[in-house]
Amino acid sequence: MKANRKFIFTVAAAGVAAGISACGGSPAPVDAAQACAALAGQTVAGATASAALVAASGPVPGYCNISATIAPALNFEMRIPNNWNGKLHYGGGGGFDGVIQKIYDAAGGGGTDADNHGLNLAALSKGYINISSDSGHQGKIPGYEAIDASWFPGNPTAQRLYADLAVPSVMAAAVEMIKKVYGSAPGKSYFEGCSNGGREALMTAQRYPTLFDGIIARAPASNFVASLGSFQNNMRMVATNPSLNFTAAKVRLLSKAVLAACDGLDGVVDGIVSNPAACTFDAASARSTLRCTGGADTGDSCLSDAQLAVVDTWTASKTFAGKYTTPGWALTGNESALNNWDAWLFGGFQFAFQYGGIAGIIQQDAKTQPLPPQDASALDTLAFDFDAPANAAALNAIAAAFDASNPDLRPFMNNGRKLLLWHGGADPALSSKNTTGYYQSVVATVGGQAAADAFARYYIAPGVNHCHGGVGADKSDLLTALDAWVSNGTAPSGLTASKLAGDGSAAFSRPLCAYPLYARYTGPANDANAARLASNYACTSP
């Protein structure tokens, strides 16, 4: 039976090639089944492919799924829709990679949220060929592959692929596959990713400035070393203090204090601080208004000195090894939102990533990654000294390989490429202040705001968690805006972000304002329905 299937694919492939030739070199219409037939069992540009036709199901359209491997272990999938729009979308990975991002993950909300799953599905649904890879290694923990760094020690090929080489390697093979099926390369190619996918996006803009026509970097993990250091700092405060007692009620107390001071500064009280530049509630404010009398823990109506020390650490700027700096997190009023502090600070995800980064990547110990919540047997990584001279060489090498913090995007800009930066304002994993600082450095490096405006925009989505979720409007179609800018020269304007209800309808919408503007409510007072509509807000200077 397998032999017969292979024969059918071979004959069909010949038919596709004949159709292209008969049209004098113009690509003939090719559906997903024909694309599968043309590539099944083929080795193209060093990538060995298998093919499977995927039927439409729920929100997912029918498509041909090409699974391919570039030796020794760089795996990718290319999803080819029935009605290709002539363009390519490369979706980034997450964490330490090690797994191919799915086209749809119903359990993870992949069809609606602006995470990497949702980004891939959105592109495929628009007719793009979508690509995703594991960056050249495979995580060992089912369901948590992207927090495992035990693949790193003794694997220089995988290290280089993860750093920056996986994306151009996959692109070289994918474009040749597309040419084999359609007779021509994609007319436009875009990269879009969040978190480590955002790091991959910026890394590609910095090191391979002509590889894509446009790039979208969402919540980029651009400062690799400094992020690991800040995670470790936060976890020292939390994981080593069993009597901390920073309860969910105390987190809500902190969030309510921030909202009481800052929520209305954007013209409407809606649980979202949309004008963060005007918000002056910080760690000192928390100490002056929320401290328990005498500093001891006297219940959920105040914060003890130990709990306030967590707030201090969370918000403080930090420098590691004398030069790797992170600005800390702002207090947003959304610390108590689902999948914010509960997951990243107290639920163990920052612990998991600092463990993997320090044990696996810095110290190159191939121990299996512990799962969150934090594992007391793995507390040794909290003793690692980022400032010790003996560790400087390792940190410098890692930063040189993995940091995507170079603000000199002039080669990217001068080649006519376009960049969209985006970050959730309440991101508990990677601070939006870091991306703001990077964007400001880009503006200064390329020659000022006018030069930057010719090729780049930066958006902060208030109240949005890491990549998606939170109380803010987390769904935004940046791909359509980028394509219009690249293809038609139409710069982004009037963008809207939405928060979806469980049935997929828009619960509310907000303008997505280019930094430093923020969305200010201009509609009728005390009108809850009006406050749900983006049309009743205006992008305003802080």
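I'd like the FRET efficiency for residue 410 and residue 480, computed as 1/(1 + (r/R0)^6) with the beta carbon distance as r and R0 of 22 Å, rounded to 0.05.
Values: r = 27 Å, r/R0 = 1.22.
After rounding to 0.05, the efficiency reads 0.25.
Would you tally the net charge around residue 344, using a Cβ to Cβ cut-off of less than 12 Å, leaving residue 344 out, and scoring K and R as +1, D and E as -1?
-3
Positive end of the dipole of the chain, charges at C-beta (+1 Lys, Arg; -1 Asp, Glu), about the Cα centre: which of 424, 438, 47 has its Cα farthest in that direction?
47
Taking only C-alpha pairs under 8 Å that are 6+ residues apart, what is the relative contact order of the range 76-210 in percent?
33 percent
Within the chain, what whole-number % of the accessible surface is contributed by carbon and sulfur, with the 1.4 Å probe and all protein chains included in the calculation?
On the chain, the fraction of accessible area on carbon and sulfur atoms equals 55 percent.
Taking only C-alpha pairs under 8 Å that are 6+ residues apart, what is the relative contact order of the chain in percent?
13 percent
222 nm [θ] for the chain, helices only, -39500 (n - 2.57) per DSSP H run of 4+, per residue, to 500?
One gets -10000 deg cm²/dmol as the mean residue ellipticity at 222 nm.
Tell me, what ³J(HN,Hα) does each residue in the range 133-141 have, in order and in whole Hz, if you take phi through Karplus 6.51 cos²θ - 1.76 cosθ + 1.60 with θ = phi - 60° and put x for Gly and Pro?
Coupling constants for the range 133-141: 10, 9, 6, x, 7, 10, x, 9, 10 Hz.
Mind putting a number on the dipole of the range 414-542 about its Cα centre? Charges go on the C-beta only, +1 for Lys and Arg and -1 for Asp and Glu, and I need it in Debye to the nearest 20.
In debye, rounded to 20, the range 414-542 gives about 160.
Can you give me the relative contact order of the range 187-340 as a percent, contacts being Cα pairs under 8 Å and 6 or more apart? Let's see the in-between values first.
Details: 214 pairs, mean separation 33.6, N = 154.
It comes to 22 percent, rounded to a whole number.
If you plug each phi of the range 119-132 into the Karplus form 6.51 cos²θ - 1.76 cosθ + 1.60 with θ = phi - 60°, what whole-Hz ³J(HN,Hα) values come out, in order, with x for Gly and Pro?
Each residue of the range 119-132 in turn: 5, 5, 5, 4, 5, 4, 5, 8, x, 6, 6, 10, 10, 8 Hz.
What residue among 383, 485, 308 has its Cα farthest toward the positive end of the dipole of the chain, where the charges are +1 on Lys, Arg and -1 on Asp, Glu, each on the Cβ?
Towards the positive end, the residue furthest out is 485.
Determine the gain in length on full extension of the stretch residue 185-residue 245; use 0.36 nm per residue of separation and subtract their C-alpha separation, reporting nm with one decimal.
Answer, rounded to one decimal: 15.8 nm.
Taking the Cβ-Cβ separation of residue 528 and residue 453 as r and a Förster radius of 35 Å, what is the calculated FRET efficiency to the nearest 0.05?
The calculated FRET efficiency here is 0.45.
Taking the Cβ-Cβ separation of residue 493 and residue 269 as r and a Förster radius of 41 Å, what is the calculated FRET efficiency to the nearest 0.05?
It comes to 0.90.
Mind putting a number on the dipole of the range 432-508 about its Cα centre? Charges go on the C-beta only, +1 for Lys and Arg and -1 for Asp and Glu, and I need it in Debye to the nearest 20.
Roughly 200 debye, rounded to the nearest 20.
Through the Karplus equation 6.51 cos²θ - 1.76 cosθ + 1.60, θ set to phi - 60°, convert the phi angles of the range 319-327 into ³J(HN,Hα) values in whole Hz; use x for Gly and Pro.
10, 10, 6, x, 8, 9, 10, 10, x
With charges only on Cβ, +1 for K and R and -1 for D and E, what is the dipole size of the chain about its Cα centre, in debye, rounded to 20?
1100 debye
Treat each spin label as a single point 7 Å out from the Cα along the C-beta direction, and report the residue 393 to residue 252 distance in nm.
Result: 5.4 nm between the two label points.
Relative to the present Cα-Cα distance, how much length would full extension add between residue 140 and residue 45 at 0.36 nm per residue of separation? Provide the component values of the computation, followed by the final result.
Working: separation 95, 0.36 × 95 = 34.20 nm, distance 2.82 nm.
Going from the current span to full extension adds 31.4 nm.
Per residue, how much accessible area does the chain show when a 1.4 Å probe rolls over the protein heavy atoms, in square angstrom?
That works out to 38 Å² for each residue.
Could you tell me which of the pairs 87/475; 250/499; 180/499; 250/433 are separated by over 31 angstrom between their Cα atoms in the structure shown? Mind dumping the intermediate values first?
Values: 87/475 22 Å; 250/499 27 Å; 180/499 41 Å; 250/433 24 Å.
Pairs exceeding 31 Å: 180/499.
Local charge sum around residue 233 (other residues, Cβ-Cβ under 15 Å, Lys/Arg +1, Asp/Glu -1)? Could you put the intermediate results ahead of the total?
Details: positive: 236, 318; negative: 312, 385, 387.
Here the count lands on -1.
How would you classify the range 184-277 from its alpha-carbon gyration tensor, with a ≥ b ≥ c the square roots of the eigenvalues: rounded for a/c under 1.5, else prolate if a/b is greater than b/c, otherwise oblate? Present the calculation step by step, with values, prior to reporting the outcome.
Details: a/c = 3.77, a/b = 1.64, b/c = 2.29.
In terms of gyration-tensor shape, oblate.
Count the net charge of all other residues whose Cβ sits under 15 Å from the Cβ of residue 311, scoring Lys and Arg as +1 and Asp and Glu as -1.
So the surrounding residues net to +2.
Just to be sure I understand: of the beta bridges DSSP finds with both ends in the chain, what percent are antiparallel, rounded to 5? Could you put the intermediate results ahead of the total?
Working: 39 of 64 bridges.
Of those bridges, close to 60 percent are antiparallel.
If you work out Cα Rg over 2.2 N^0.38 Å from the coordinates, which of (i) 1.00; (ii) 1.27; (iii) 1.14 do you get?
(i)
The values are calculated or read from the model by the stated rules, or taken from the named source; none is laboratory data. Not measured: the values here are computed from a predicted model. Virtual Cβ from ideal backbone geometry, glycine too; neighbours counted across all protein chains shown. Side chains are part of the model used for accessible areas, which takes the heavy atoms of the whole protein and leaves out ligands, DNA and RNA. Shrake-Rupley method; radii C 1.70, N 1.55, O 1.52, S 1.80 Å.
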